[in-house]
Every structure is written in structure tokens, then in C-alpha cells.
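First the structure, in the form of C-alpha cells, and then the observations on it.
Coordinate-derived values only; no laboratory data. Predicted, not measured: the structure shown is a model, and the values here were computed from it. Heads up, the Cβs are rebuilt from the backbone with ideal geometry, glycines too, and the neighbour counts pull from every protein chain shown.
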Amino acid sequence: MDKVQSENDNPNECSDLVKVEQERYARKMQKRFETLLQFLPDPILAYDLNNKLQYVNPGFERMFGWTIDELKSGSIEFVPHDRREETIQGAKELFKNKRVHNHKTQRYTKDGRLLDIIIDGAVFYDENNIPEGYVVSLRDVTRSNRLARTNQILFKISQSLHRVQRLDDLLASINEEIQNLLDIEGSFVLLLDEKREEFYFFSALHDDSETEKKIKEIRFPADQGVSGRVYQSGNFLIVDDVSKCSFFLRRVDDESGMKTRNILSVPIQLSDRSIGVVNVVNKLSGKFDNTDAELLSTIASTIALPIENTRINEELRKSYEELKTLNSAKDRVIHHLSHELKTPIAVLTTTLKLLDKQLKKSGITDEFVKRILERGKRNLDRLLEIQYETEDLLIRKNYQIHHILSRMLEACRDEIEVLFENRTEGQELFKSIGRSIDKLLGPRKIVSRTIQLRRYIKDMLSNLAPEFNRRKIDVITRLDHGGSVYLPSEILDILLDGLIRNAIEHTPDHGKIEINLTGTEDTPLLEIKDYGVGFTPEKKHLLFENYFTPPDIDQYATREPYDFNAGGKGFDLLRMKLFSEQYRFKIWLKSERCRFIPRDEDQCPGDIKICVFCSDISDCLNSGFSSVFLKFPHHGLVEESKQGPKAVRSP
């Protein structure tokens, strides 16, 4: 008891120990808090009651570009002029209510961009509960705001497509939305006149109405200016200062009175080609960036199909009117000829009747003469019957042609209405298909180079081998020549990967494929041959056309790549055919259907050893096969052809 009493006799020492422990804990928590602030992506700023900056985390520099020292110097143009009074009032509200939440405003970045910002703040206190300062967080909502506004525009477009009578009325509205969304002076939709190879302004909106009127009258060649570059490449283009752009077409400014400072141009693309561009000029705040390009590209993709449908419908309407005019003229001519023919036929018929009557009166009853008269009368009656049938047919045909063309036009309108009335799922499906097509056939920046085929094929097989080593298939290579080709490696990858995969997928287990490289050093010939079931003559001629035939329904199954019958050859070959036209190589197919299963509906078991028709493997190898040949041109011809197409589209 005395010992306990003696330990408690020194309360100051105990208090000091508690204080030390509290300070240690406070430093530990402060360290954790500082680590958290360093990690946060949003800027956090702390000020004292005199509005002097006390702390700022690295998130500020990441978002706005200014360093902490630049911020502390107070010399940065951070708050827009039109937001300064609002900022002062916001500070007053903070001290009055002790906190501010979800305050929407804007702030400049170091490179001149104007960001949409949400501010949250609160007053903090010392240990005596006396206000010591305040802390604010800044959250960048620029992208989400733009996406929301873009979605509103897209929704508005989908709502309006089946209601507006004229597409230019809809595009005028869309241009207005684009102008507000991107904060620009002018927005223009330029379409390609394919016959004249010129751009014309299909729709235009500008702050200056006189400029807007003049620009609609301007045309220029499709290979000139920023628009020409975008149309040819299939990629968007941002020019921050047109005075430094060597290919900017100043004639448009000269003729319209417009003064372009900067421009963003995006292509209007269908699945197989570009049909024009959308240009926006003179951003009023900051510079154009990739976010602007993505939003404008989304809108351009949305309006591409309606524009093309409108053009097709207009051409169809004109063709229909021309057809009606031609049919009317033709019918008038035929009716006229019909009536002209009816008169002499009637005269000849009457003449034969009178002749027959006179012969009977004269007592001439010669059977030969009688047969001649009957034959003449019979054929005159046939001519008269044909004349009446022609008249009846023409009357019916007018109604039939009108009905068919009307139904075609109605079908087009119905298809568009169905597509956009089901916009929730339909748009997503449409986007998904669009993304797949872009992935397969869309534009990419690719560069041709000289590639040694022998080494490239060996490396490709080494890379692909783990993918199909589960299959019991022999891969035989005969690379007799080390020929080289001048192609983008991406294209060659697609060719080799697709052909090798298709060969394996069409070959049953215990079969083989061959890869043969022959030809000359300058013009190599590559053959990839499988000893599978082959193709029937009916299907073989479709493979390199704009058709591809999927398997029958009862042949569908969930299979892995390189499994037997995992996929079809047609679409891959169609893509390769498109590449061959672009990169000047030749591609062709030779195939024979397996003699044991000659029809499309006949199925191979997928393993030679369980095939009822084969006593050994050679029976299968001597039946069906398919060989795809690729013949590559001389390098010089390929390099010359690079100047050929105006717009390069690649996989």
C-alpha cells in the first residue's frame, strides 16, 4: 500500500507522459492525413482567415497545371473575370453558413482551358473552437457535363429523325446545339459531291448571318484544306492556329468574310467510306482538345446514316420521277403506235372478209385459196388480240410500278422509324455494331514497310502455335524463297493469322495444312492450303463477293478459336479482298469439296480416325482441300500506288 502511494505522489510526471503520448498520436494522425491529401486526385486548398493560402495538395497542379509556388505568388489567371463577383459572394456564404456544398463555377487552367468546377468548402476551428481558416475542394465535372449535354443532343436527334420533313432543318438545330456545347463561333456540315469530287456546305451556322449566307455558296475540291486532310485520313484534326497551317484553305475565309483562328474537323463516316466532315471554328474559351473531338465525332457518327438515307431517298425520289416521266412518254408512244396499228389491221381484216365474200359470189371454192384467206384472217386476229393485250398490260403496269416504288420508299421510312423509336436498345446495338465495324475496317494510322516473309511467317507460327497445339494437325512449311513484301505489319498479321486460323478450323484432327512460299524474290507467292472439307461450287464463288454464308443453324456451337468448324471463312476472305484492292496484291481461292460429303448439309465428324469413309488418313488427304493464294507485287509498284486512293481505310 505504501508503494502504491509513493507512485501516485508525482502527478506531474504522469501528466507529462500522457502529453507526450498525445503528441505522438497527433503526429501519427497528421502524417496519415497528409498522405491522404497527397493521394486525393481532387485539389484541396486551405486558407487562413485573411485568405492567405496555407496548404495545397498536388492534385491542384495535376488538374490546372500551375505549380504550388505559382499559386502562392497570386499572379495566376485562375478565376474568370465574369466569375470574380460570384467567387466573392461564395466566400461570404461560406463564412456565414460555415460550409458550402455543390457550388458550380468555372476556372481556367494554365494552358487556357475553361473547366466546369464544383466547389465544396468548410470553416475549420482551433482547439478552442475559434474559426482558424477554411478548406475547399475542387472537382472537375467538365467531361461529365459535356457528356450529359451530348447525350441530350443525341436523344434530341433520335427523337427528331422520324418527325422532321427536311434533314437540313434538323442539322440546323444540331449545329446550334454544337455551338452551345463547344462554345464556338461557327459549325458546318460539309458533304462530298462524288461526281464533281467537291465539298459543299450542306448546313452552316455562324454568329455572323452574312458569313453564314455566303459560305453556303462555296465549293472546293475534296483534297484541299483541313477538310480534305480529314476526309482522306478518316481521323479528326485540330489546328490551334490556322495562320501556321500550310494546308489551311484561306479561300473559304476570303469568299465568306469569316476570320478563322482555330478549327476542329471530324469525318462523317459510314461503315465503308466517308461522306463528308463536320467543322467547328473559333473556340471562344481555351483551345480545342481531344474531349471536344470525341464529342463532335459522336455527333457526326449519329448523323451519318440519316444524312446518307436522306441522300439515297432523294436520289430514289428523283429516279422515281424520271421513271414516271419516261414511262409516261413510253406509254404515249406505244398507245399511239397501238392505235395506228389498229386501223390498218381493221382495214386488212375487212378487206379479207370482202375478198372472201366476192370469191364465194364468183363461185371460186378452191381449197388452197380458202386456206390462204383463213391463215391471213387468223394472224390478223392474233395481231389485233396482241394490240388489245398490250393496251391492258400498259394500264396495269403503270399501277404496278407505282405500287412497287411506293412500297420501297415506305419500307425505307419504316426502317428508320423502327430504328430510332427503339432508341434505348437500338442505339446501343447500333453503337456496338459500329464499334465492331470500326475495329475491323475502320481507319487507323498504319505505315507500310519492307518485311521479309520467310522470317515473318516463322515468327507468326511460333506465336500462334500455343493457340492450336491442342489440335492434332501437322503444319508443314515449305519456305523456299525469302521474298519480301511492302505492307503494313498490321495488315500482314491479319492476313496470316486469319488464313492460318481458317485453315486449321476447316481441317479435321489427324489432318494437315501446308504453308508454301514460292515465286520470285520481288514477287513472292504465298499459298496456305488445308485438307479439310472444301467448298461446294455454289458457295465458292460467293466467298470473294459481297456475301458470306454462315453455317446452317444446326451447325452452330460454342467453340474456341482453332477448334474444328469454329468459324466461317467468308467474312475473313471478304476483308482480305478489300485489303488486296487497297494494297495491290492478288488473292484467289482454289477448293474442291470432299467427295465423301459433297453437299453443304453433309457434315464432317472432325477427326479422320472416326470418319466412316476413310480407312486411313490418305483417304481424307486425297479428297477435299482449299488453297488461298496471295501474290504480292514488286515494291516499286506498291510505293507508286500509295499516291492512288484519296482516302485510305484500313483494318
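Can you give the relative contact order of the range 146-319 as a percent, counting alpha carbon pairs under 8 Å and 6+ residues apart?
It comes to 21 percent, rounded to a whole number.
Summing +1 for each Lys or Arg and -1 for each Asp or Glu, what net charge is found among the other residues whose Cβ lies under 13 Å from the Cβ of residue 86? Kindly include the intermediate steps, with their values, before the conclusion.
Details: positive: 83, 84, 92, 104, 107; negative: 82, 85, 93.
Residues close to residue 86 contribute a combined charge of +2.
Kindly identify the range 193-275 as rounded, prolate or oblate by the Cα gyration tensor criterion: order the square roots of the eigenvalues as a ≥ b ≥ c, call it rounded if a/c is under 1.5, otherwise compare a/b with b/c, prolate if a/b is larger, else oblate. Display every interim value, and only then the final one.
Numbers: a/c = 1.74, a/b = 1.26, b/c = 1.38.
Verdict is oblate for the range 193-275.
Report the equivalent ellipsoid semi-axes for the range 160-240 in whole Å, largest first, defined as the square roots of five times the eigenvalues of the gyration tensor built from alpha carbon atoms.
On the way: eigenvalues 90, 55, 39 Å².
They are 21, 17, 14 Å, listed from largest to smallest.
Using DSSP to define loop residues, name the chymotrypsin sites (Phe, Trp or Tyr not before Pro) in the range 586-616 whose beta-carbon has at most 14 other beta-carbon atoms within 10 Å. Please list the in-between numbers first.
Values: sites: 588, 596, 613; in loops: 596, 613.
Sparse-neighbourhood loop chymotrypsin sites (Phe, Trp or Tyr not before Pro): 613.
If amide hydrogens are placed 1.01 Å from N in the peptide plane, which non-local residues have theirs closer than 5 Å to the one on residue 472?
Under 5 Å from the amide H of residue 472: 510.
Pairs 214/324; 472/529; 318/577; 72/98: which exceed 26 Å Cα-Cα?
On the way: 214/324 36 Å; 472/529 16 Å; 318/577 34 Å; 72/98 24 Å.
Correct reply: 214/324; 318/577.
For residue 109, what charge total do you get from the other residues with a beta carbon under 13 Å from its beta carbon, if Lys and Arg give +1 and Asp and Glu give -1?
-2
Can you grab the distance from the C-alpha centre of the range 42-70 to the C-alpha centre of the range 148-226, Å, no decimals?
Value for the Cα centre distance between the two parts: 42 Å.
Around residue 198, which amide H atoms from residues at least 5 apart in sequence, or from another chain, sit under 5 Å from its own amide H, with H modelled in the peptide plane?
193, 222
What net charge do the residues around residue 275 carry, taking every other residue with its C-beta under 12 Å from that of residue 275, with Lys and Arg at +1 and Asp and Glu at -1?
Neighbour charge sum, excluding residue 275 itself: -2.
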